[in-house]
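The values are calculated or read from the model by the stated rules, or taken from the named source; none is laboratory data. Please read all numbers here as calculations on a predicted model, not as lab measurements. Please note: Cβ atoms are built from the backbone with ideal geometry, for glycine as well, and neighbour counts cover all protein chains shown.
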Amino acid sequence: MRIKHLVMAIAAAAVATFGVFYHLNGDKNPLKKEVAPPPKSVNISLTPVQVQRLITPKLTSLDPAKILNVIVRGNHIYLTLRSDDNNSASITGLNLQNNILTLRKDYGKNGVNKISGKMILDITLDDKGTIYYTKNGVHALSNGSDIISLEGKTSANKLLLLADNHSGYLYGNDNFDKVTIKDGSLDDMQPSFLKNRALPFRGGLSQLVLGPSNTLYGGGRITPNGIYLIASFDDKGKLLQKYGSEKNIVKSSIYNLTSFTVLKDYVCAIDGFTTKLWSKKGKYLGSINNDNLYSESIVPLKLVRLNDETALVLTYTRNTKTELLDLAFFTLTF
């Protein structure tokens with residue numbers, strides 16, 4: 001009898017220890033650890049793609065317009081959202097490991113950093129974690145200080161940081177100005193090559209992505225209310241390549257550019273209900289319906305580069321009970 005009680009006590013202690021271990025690691029069920037679902041293999045025309053749904057913590061937004069940005073810095077991913085009442089914004093820090101996203105406990109308060117201010121237009125971060133947001137100029141948040149630059153001097157609503165973090169481009173609302181950055185302050189604003197709807201974006205530049213060696217990839221309309229085009233430029237502004245067509249009713253035409261990203265060998269874009277793919281040399285490789293890439297009711301919204309072969313995709317599903325958008329991440333590996 002004593003041996004039986006001793007065995008039961010040891011077993012209970014082992015279970016308790018096991019439970020504490022998993023509790024400290026944030027697992028709700030000590031006997032069940034979350035595992036990402038297996039990837040799905042699809043083809044975009046002849047190009048194979050591995051589609052992987054990531055296990056994502058509960059993330060919601062009121063509508064797509066309040067989802068500002070997705071930023072990748074190493075193994076950390078940052079999701080920036082404007083609040084439902086537009087009176088503040090938030091940055092959610094996430095760790096990615098084994099296809100599982102978890103909140104960064106060492107970032108902000110329980111993984112969330114909040115910024116006060118009405119109608120913040122865009123947010124980005126540099127490699128050191130300095131936060132830049134656009135609102136009547138550009139604000140830099142670092143070590144508790146709020147440094148305001150170019151207040152009242154620009155109507156640009158987005159900032160793209162270059163690889164050195166010491167310079168960047170302010171763009172949006174027909175602006176395209178290069179700035180230098182030192183200790184969070186933006187100075188020496190100079191007009192650059194895509195300002196005021198310069199070719200090929202006579203309809204306006206809407207998106208800007210940084211590629212290798214400070215190659216810039218812009219996306220915008222070729223004429224007011226016209227179709228879209230993606231184009232790459234060297235750091236001097238020389239046009240290198242175009243992606244898409246300047247003609248309507250062509251398979252490679254981009255009708256509703258939602259988001260795009262640049263990988264080692266490909267340019268990938270969300271075009272309304274489809275995802276389209278080009279080689280870096282500009283050859284159109286094909287498209288796939290988003291329902292076939294993900295599943296019905298899942299809407300892709302943001303595409304960003306995760307590594308040379310993989311794009312990170314932020315998607316949403318409309319929750320009919322809460323009327324909110326339930327957010328989830330996928331990866332596309334080529």
Count of the stretch 311-332 residues which are assigned to a strand (DSSP E or B) and surrounded by fewer than 16 Cβ atoms within 10 Å (Cβ to Cβ): 1
Search result, residues across the stretch 221-243 that are over 18 Å from the mean Cα position of the chain (by Cα), surrounded by 20 or more Cβ atoms within 10 Å (Cβ to Cβ) and under 23 Å from LEU121 (Cβ atoms): ARG221, TYR228
From the options GLY93, GLY111, GLY74, residue that is at pLDDT below 95 and within 23 Å of ASN143 (Cβ to Cβ): GLY74
Qualifying positions in the stretch 215-229 - part of a strand (DSSP E or B) and either touching a residue at least 60 places away in the same chain (Cβ under 8 Å) or within 17 Å of TYR169 (Cα to Cα) (or both): LEU216, TYR217, GLY218, GLY219, GLY220
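Out of ASN95, ASN99, report the one residue that is surrounded by 12 or more Cβ atoms within 10 Å (Cβ to Cβ), closer than 25 Å to CYS268 by Cα, under 20 Å from the mean Cα position of the chain (by Cα) and without any contact (Cβ under 8 Å) to a residue 24 or more places away in the chain.
Matching residue, one of ASN95, ASN99: ASN95.
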Close pairs from the stretch 199-214: first farther than 20 Å from VAL72 by Cα and assigned to a strand (DSSP E or B), partner among the hydroxyl-bearing types (Ser, Thr, Tyr) and modelled with pLDDT under 95, Cβ under 7 Å, at least 6 apart: none
Any pair with Cβ under 8 angstrom, 6 or more apart, that starts in the stretch 243-269 at a residue that is on the phi > 0 side of the Ramachandran plot and ends at one that is of a type in the set (A, V, I, L, M) and part of a loop (DSSP other than H, G, I, E, B): GLY244/ILE227
The stretch 278-306, residues that are touching a residue at least 12 places away in the same chain (Cβ under 8 Å), assigned to a loop (DSSP other than H, G, I, E, B) and more than 13 Å from the chain's Cα centre (by Cα): LYS280, LYS281, GLY282, TYR294, SER297, ILE298
All positions within the stretch 106-121 that are touching a strand residue (DSSP E or B) at 6+ places or on another chain (Cβ under 9 Å) and not hydrophobic (A, V, I, L, M, F, W, C): ASP106, TYR107, GLY108, ASN110, GLY111, ASN113, LYS114, SER116, GLY117, LYS118
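Mind checking which residues of the stretch 60-86 are outside any strand (DSSP E or B), without any contact (Cβ under 8 Å) to a residue 40 or more places away in the chain and either surrounded by fewer than 13 Cβ atoms within 10 Å (Cβ to Cβ) or of a type in the set (A, V, I, L, M, F, W, C) (or both)?
Within the stretch 60-86, ALA65, GLY74, ASN75, ASP85 meet the criteria.
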